[in-house]
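Bear in mind that the values in this text are calculations on the coordinates, not laboratory data. Bear in mind the structure is a predicted one, so any value in this text is a computation, not a measurement. Reconstructed Cβ throughout: ideal geometry from the backbone, glycine too, with neighbour counts over all protein chains shown.
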Amino acid sequence: MKSIVTGASSGIGRELARILCRDKKSVVLGVERGVERLTKLSEELGECFIPVQADLSRVDGVRIVVDTARRYLGEVDLLVNNAGAGLYKRVVEHDEEELISLANVNFISPILLTRGLLNCMKPGSVVVFVITAGVHVLLESLPIYGATKAALHYAVKALRKELKERGIHVLAVYPGSVKTEFHERAEYELKRGLDPRRVALEIVRGVEKKSELYIPGYPSIAKLLTPALPGVKGPAKR
């Protein structure tokens, strides 16, 4: 199987790359903007892993991934749009560059990447979008992150119908808070959270079988109650 995983050098993406590379017939193209971490993961996983340095906060980063995939993979069986970013700031505290960067990483790049790779995908291929269960509440401490993920959530519902015509399956994943470096980079301490390996394993199990996957399952109730739910504040700052 030929796969692409964005945000591959840490958290959910790293665990996905490890799991997919257990099949010696698999080839995983791992996308990350940090060279050092990509190199370390490439050394761990060996020949099945193709490291691609690309910054998905920029449109030219998407072009790099698409061009590399066409050159080294030819066909794509699985695309996992996992890369994401957020800042613990109020809406008015984000500057212009931050707003554009977050919109690109969380919303625009996953759509552009999917569109750019459609000619490499045959019927039976799968596209995964890692969104967040937080789209069903107001993330008061991560408002722009929540807004961009909500936009992706909306677009994916339409995209699922469009790609079904091509025989391509779309899986939207809505995890709760996950213990990754996402929170550490924002200088927030997440006392409890999901193990990224658990999330990665459930994604692999959910591919081709489900259209929506909530991890854990109970946040799926929130989508029925969204209008009545209050805002949710983030964890305490260190």
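Report the extension gain between M1 and L118 in nm, rounded to one decimal, defined as 0.36 nm multiplied by the number of residues separating them, less their alpha carbon distance.
Difference between extended and current length: 40.5 nm.
By per-residue mean of other Cβ atoms within 10 Å, what is the highest-first order of 139-145, 123-129, 3-9?
Ranking, from highest mean packing down: 3-9, 139-145, 123-129.
Quote the charge dipole size of the chain about the Cα centre in Debye, to the nearest 20; the model charges only the Cβ of Lys and Arg (+1) and of Asp and Glu (-1).
Approximately 760 debye in magnitude.
Calculate for the chain the 222 nm mean residue ellipticity that helices alone would give, adding -39,500 (n - 2.57) per DSSP H run of length 4 or more and normalising by residue count, nearest 500 deg cm²/dmol.
Helix contribution divided over all residues of the chain: -12000 deg cm²/dmol.
Just for the chain, what percent of DSSP beta bridges are antiparallel, to the closest 5?
5 percent
Using the alpha-carbon atoms, what tilt in degrees (0 to 90, nearest 10) does helix 35-45 show relative to the longest principal axis of the chain?
60 degrees
Helix 59-72: angle to the longest alpha-carbon principal axis of the chain, degrees 0 to 90, nearest 10?
In the chain, helix 59-72 runs at an angle near 30 degrees to the longest axis.
Among 156-166, 55-65, how do they line up from the highest to the lowest mean number of other beta-carbon atoms within 10 Å?
Put in order of decreasing packing, that is 55-65, 156-166.
Go through 171-179, 92-100 and give me the packing order, highest mean Cβ count within 10 Å leading.
Top of the packing list down: 171-179, 92-100.
If the viscosity is 0.890 mPa s and the temperature 25 °C, what Stokes-Einstein diffusion coefficient in µm²/s follows for segment 2-232 when Rh is the Kirkwood radius over Cα pairs?
138 µm²/s
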